[in-house]
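So the structure is just underneath, and the comments pick up after that.
The values are calculated or read from the model by the stated rules, or taken from the named source; none is laboratory data. Remember, predicted model here, so these are calculated numbers, not experimental data. Positions of Cβ are backbone-derived with ideal geometry, glycine not excepted, and every protein chain shown enters the neighbour counts.
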Amino acid sequence: MSSSGLEDLYREIILDHYRNPRNRGSMEVPPSQRVEAYNPLCGDEVVVYLLENNGVLEDVRIEGQGCSISQSSASLMSAAVKGKTVEETRKIISDFKKLMSIHESKLEDSTDDTQMDLDLDAMGELAALQGVVRFPVRIKCAILAWNALAQGLDEISDVSTDKTK
Amino acid sequence: MTDTDTDTDTATATTQLDIERIKQDFPLLSKGFHGESIVYLDSAASSQRPSCVIDAMSGYYNYSHANVHRGVYKLAEEADRLYENARITAGKFVGAPDPAREIVFTKNATEAINLIAYSWGMHRLNEGDVVVVTEIEHHANLVPWIMLHKERGVELRVIPMRDDYLLDLDNLEEMVDGAKLVACTLMSNVLGTIPPFKKIADAAHSAGAIVVADGAQLVPHAHVDVKELGCDFLAFSGHKMLGPTGVGVLWGKAELLDSMPPFMGGGGMILDVKFEGIVPAEIPTRFEAGTPPIAEAVGLTAAIEYLDNIGMNNICRHDAELTAYTIDSLKDTFGRDITIMGPDITEDRGGVISLALKDIHPHDLAQVLDESNVCIRAGHHCAKPLMRRLGTSATARASFYLYNDTSDADRLIEALSKAASIFG
Ligand SMILES: Cc1ncc(COP(=O)(O)O)c(C=O)c1O
């Protein structure tokens, strides 16, 4: 029986982030932004708090509950984007979605890069989630926190364009 | 299971099933999935089917197929005969007094229940009328009634579940008082709970309500007789009882069916059509608009013959023994780390085991088990209100059928141990 798939999926890194989630907790709203993502089918739930200042995500906090994939992905995400600029964060989101083999049409129009072109080394610990792709039903779990993050960034942009008006 | 105690052929002692032999009838189980032996513990979602069912269907498609109800040639008559024979077989299987008129073929149990809700419910139920359901229902026996609440202003009353996973029937009389319809499962697809249906049906009838039995889980696993149950309608699905997908059965008392308007309109269900209006056909064809699932009905006939041959009481007893064995082993192996969400007493439950191991998420559990080729289901099992009552969003569920044995249970426990060590 193939245990390689299993080892891939539950690599140390994933289990570590599941057991000892990083950046756990909440922040006051405002000044922070709070976004919730929920998968009613399996009950996975992730709440993302973003504190943006001068285009930089100064702090990120995560709450929620669910399976090891959804929760470790949220933890890994928080570690990857904390301290990054909004622009850098968008790039990380887009790379992560490519890792999950989610090709958004606008991405595919503008560039022709695929998962092949991803620099896995540059993605650091996030690459640990790569194994999820082989279990299509779990991609939804992995992507949950990232959808919340993307939505949070959009809301931040909306707020800042409002301010400049 | 209590149903069998009153069964006439209990006198002829039940016999031990020869599982090794039975597995030979199921290519997936004897030959494996991509060559690897598989432990299939998801029959509550859908069973496997023996070769004889597939052979019956391919034999029909190869040599006997024509549309039913319309042809005057011999081939069409043959198809007609096979289809009507399926109706009789399905009817006899659940003790229908008048199978030729009382059995309606649908797509599945869900459609059968919707047929009742739309044909009977939409015309008979009005603002403030009461429909009683239970807290342990599958969405199939819940959503159609909730939709009637929206469409017709029907009031929904819910019989609650007790902490021991049995229904709380202390206030049964009050619950059904003034109700027009009571809908209850014969067996929970999450907990395995087998409610005392007869008691509920009797109370409902005394209150003047009609009674709907959701037989999707119990009909495949035990001797079910509509007369003994005392229901007015019974719904079940072919694919959970060794039959093909795409065919379900609604049994209804002839006089009730006869009083109901058509569910869907189209070919086959009319006597006459004018632009001004239609004259609906007699029952049961009144409820079978369009070309019915003919090959599926033929497959269902073969499935029922296979089940009858083994004997429903034997299957029922086998399920009960295997379930007791598994629950005992689970408790022995995992002690306090395992929670089994279902009744303790064998008589009150079927071969469905919902479990939680430590705090491992059901999806993680199912995934790790899959690595050992053990197929279980993780999720809400189409019973969200029950999940809420259980205080969870999902459970991991193993379910048995006549082709499972203690070696399958042992492999389940082995795989669970592996999961326990990974998530430690
Ligand atoms: C108790 C119960 N009722 C109804 C159904 C619906 O069956 P189907 O999906 O075949 O319509 C199921 C299927 O899971 C069930 O377990």
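Just a yes or no: is a residue in segment B:43-53 of a type in the set (A, V, I, L, M, F, W, C) and over 19 Å from the mean Cα position of the chain (by Cα)?
There is at least one residue in segment B:43-53 that is of a type in the set (A, V, I, L, M, F, W, C) and over 19 Å from the mean Cα position of the chain (by Cα).
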- prompt: If you go through segment B:63-70 one residue at a time, do you hit one that is charged (D, E, K, R), more than 25 Å from residue B:373 (Cα to Cα) and modelled with pLDDT under 95?
  reply: yes
query: Only one of (1) over 25 Å from the mean Cα position of the chain (by Cα); (2) surrounded by fewer than 20 Cβ atoms within 10 Å (Cβ to Cβ) is not met by residue B:371, so which one is it?
result: (2)
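Report the residue count in segment B:218-241 for those that are aliphatic (A, V, I, L, M) and touching a Cys at 6+ places or on another chain (Cβ under 9 Å). Give the steps one after another, and end with the answer.
Start the filter on segment B:218-241 by keeping residues that are aliphatic (A, V, I, L, M), which leaves B:218-219, B:222, B:224, B:226, B:229, B:234-235, B:241.
Subset that is touching a Cys at 6+ places or on another chain (Cβ under 9 Å): B:222.
So the count comes out to 1.
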query: From the residues in segment B:385-412 that are over 16 Å from residue B:37 (Cα atoms) and more than 20 Å from the chain's Cα centre (by Cα), which one is nearest to the other protein chains (Cβ to nearest Cβ)?
result: B:393
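Among the residues of segment B:266-317, which ones are small (Gly, Ala, Ser) and surrounded by 13 or more Cβ atoms within 10 Å (Cβ to Cβ)?
Here is the first cut: in segment B:266-317, the residues small (Gly, Ala, Ser) are B:266-268, B:277, B:281, B:289-290, B:295, B:297, B:299, B:302-303, B:311.
If the condition is that a residue be small (Gly, Ala, Ser) and surrounded by 13 or more Cβ atoms within 10 Å (Cβ to Cβ), then B:267, B:268, B:281, B:289, B:295, B:297, B:299, B:302, B:303, B:311 are the ones that fit.
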message: One residue is enough: does segment B:344-356 have a residue meeting the conditions assigned to a helix (DSSP H, G or I), within 30 Å of residue B:391 (Cβ to Cβ) and under 18 Å from the mean Cα position of the chain (by Cα)?
response: yes
query: Would you pick out the residues in segment A:13-42 that are more than 27 Å from residue A:127 (Cβ to Cβ) and within 14 Å of another protein chain (Cβ to nearest Cβ)?
result: A:40
- prompt: Name the strands (runs of 3 or more DSSP E) wholly within segment B:205-259 that hold at least 1 residues that are more than 16 Å from the ligand (Cβ to nearest atom), surrounded by fewer than 24 Cβ atoms within 10 Å (Cβ to Cβ) and among the aliphatic types (A, V, I, L, M)?
  reply: B:210-214
message: Among the residues that make up segment B:134-150, is at least one of them acidic (Asp, Glu) and farther than 26 Å from residue B:106 by Cβ?
response: no
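Is it true that residue B:274 is of a type in the set (Lys, Arg) and either touching a Lys or Arg at 6+ places or on another chain (Cβ under 9 Å) or within 14 Å of chain A (Cβ to nearest Cβ) (or both)?
On the way: of a type in the set (Lys, Arg): yes; either touching a Lys or Arg at 6+ places or on another chain (Cβ under 9 Å) or within 14 Å of chain A (Cβ to nearest Cβ) (or both): no.
In short, no.
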task: For residues that are of a type in the set (S, T, N, Q) and within 16 Å of the ligand (Cβ to nearest atom), scanning just segment B:365-407, find the one that is modelled with the lowest pLDDT.
output: B:395
- request: For segment B:131-164, enumerate the residues that are free of Cβ contacts under 8 Å to residues at least 40 places away in the same chain and of a type in the set (Gly, Ala, Ser).
  value: B:153
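Have a look at A:29, A:56, A:48 and point out the one that is surrounded by 17 or more Cβ atoms within 10 Å (Cβ to Cβ) and not acidic (Asp, Glu). Don't jump to the end; show me each part of the working.
Working: A:29 fails: surrounded by 17 or more Cβ atoms within 10 Å (Cβ to Cβ); A:56 fails: surrounded by 17 or more Cβ atoms within 10 Å (Cβ to Cβ).
Step by step, each of A:29, A:56, A:48 is checked, and only A:48 is surrounded by 17 or more Cβ atoms within 10 Å (Cβ to Cβ) and not acidic (Asp, Glu).
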- prompt: Does any residue in segment B:171-192 that is under 20 Å from residue B:117 (Cβ atoms) and part of a loop (DSSP other than H, G, I, E, B) come within less than 7 Å, Cβ to Cβ, of a residue that is more than 11 Å from the ligand (Cβ to nearest atom) and not β-branched (Val, Ile, Thr) six or more places away or on a different chain, and which pairs are these?
  reply: B:178/B:207; B:186/B:197
message: Taking the conditions exactly as written (more than 22 Å from residue B:267 (Cα to Cα) and β-branched (Val, Ile, Thr)), does residue B:103 satisfy them or not?
response: no
- prompt: Which pairs do you get when a residue that is of a type in the set (Asp, Glu), found in segment B:106-130, comes within reach of a residue that is away from the ligand (no atom under 16 Å from the Cβ) and part of a loop (DSSP other than H, G, I, E, B), reach meaning Cβ atoms under 7 angstrom, with the pair 6+ apart or on two chains?
  reply: B:127/B:153; B:129/B:154
